[in-house]
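Trainee: The structure is given below, and queries will be raised subsequently.
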Amino acid sequence: MLNIVLFGPPGSGKGTQSERLIETFHLVHLSTGDILRSELKSLSSLGMEAKKFMDRGELVPDNVVINMIDKKLDENKQANGFIFDGFPRTTAQAEALDNLLKGKNTSISIMLGLEVIHEELIDRLLHRGKESGRTDDQDLSIIETRIAIYHRETAPVKDHYQKQNKFKGISGMGSIDEIFHRLEIAINATL
Ligand code: B4P
């Protein structure tokens, strides 16, 4: 199985690149952000609980997202592999993911970290806020909170996979095609 963690700060291109990677490598896309937004849209109790955190730019509690991923892994038993987009976002989530995959006799193949400068992240997110209406992309202070939480709580997840020799940094600057090509080279090197 090919199991990829696409890692990086908000606005680094995880969702954008995942869409192309799933087509090329025939993988199942698991985006915790997308799953949470669809729960929110359907007004489920999980969605209502998550909304409080997402509106403030904070992380949704670990147990909520870990259970969500466990359920999705079970629903996709026949998959060639997965792209984890926006998950794991804390070391506790990374440890839980390793255990869940171990229980299914598989593991993470590679973590690809998209590296993008701060100003570019802000520009991309504000732009998406205007186009998509996503409320967490429309307010500069919420965007700054998300980026600060990324540095404080999510960046250490890189060390978790670096210790396993599975981390590879990729420049996330440039055109979507150029970045995709860099990711493709890194993934092909693991096959
Ligand atoms: P996510 O949905 O994961 O949101 P994100 O990190 O902001 O987006 P992403 O990084 O995928 O967007 P992309 O760069 O592709 O999370 C939202 C919220 O959900 C979190 O704040 C948190 O509350 C909650 N959450 C999610 N997962 C969680 C977890 N595991 N634990 C706890 N809480 C969790 O795109 C950004 C924009 O840039 C797009 O408009 C795109 O078109 C543009 N873009 C991309 N590449 C570009 C390029 N090369 N050049 C120019 N523009 C580009």
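Readers should treat all values here as calculations from the given coordinates under stated rules, not as data from a laboratory. Everything quoted here is computed from the prediction, not taken from an experiment.
Trainee: Full extension from Glu120 to Asp70: what is 0.36 nm times the residue separation minus their Cα-Cα distance, to one decimal in nm? Before the final figure, lay out the partial values.
Mentor: On the way: separation 50, 0.36 × 50 = 18.00 nm, distance 3.34 nm.
Gain on stretching Glu120 to Asp70: 14.7 nm.
Trainee: Would you compute, from DSSP H runs of 4+ residues alone, the mean residue ellipticity of the chain at 222 nm, taking -39500 (n - 2.57) per run and dividing by the full residue count, rounded to the nearest 500? Can you show the working numbers first?
Mentor: Values: 9 runs with 106 residues, N = 191.
The per-residue figure over the chain is -17000 deg cm²/dmol.
Trainee: Pulled fully out, how much extra length does the chain show between Leu46 and Ala189, if you take 0.36 nm times their separation in residues and subtract their Cα-Cα distance? Intermediate values should be presented prior to the final figure.
Mentor: On the way: separation 143, 0.36 × 143 = 51.48 nm, distance 3.88 nm.
Stretched fully, the Leu46-Ala189 segment lengthens by 47.6 nm.
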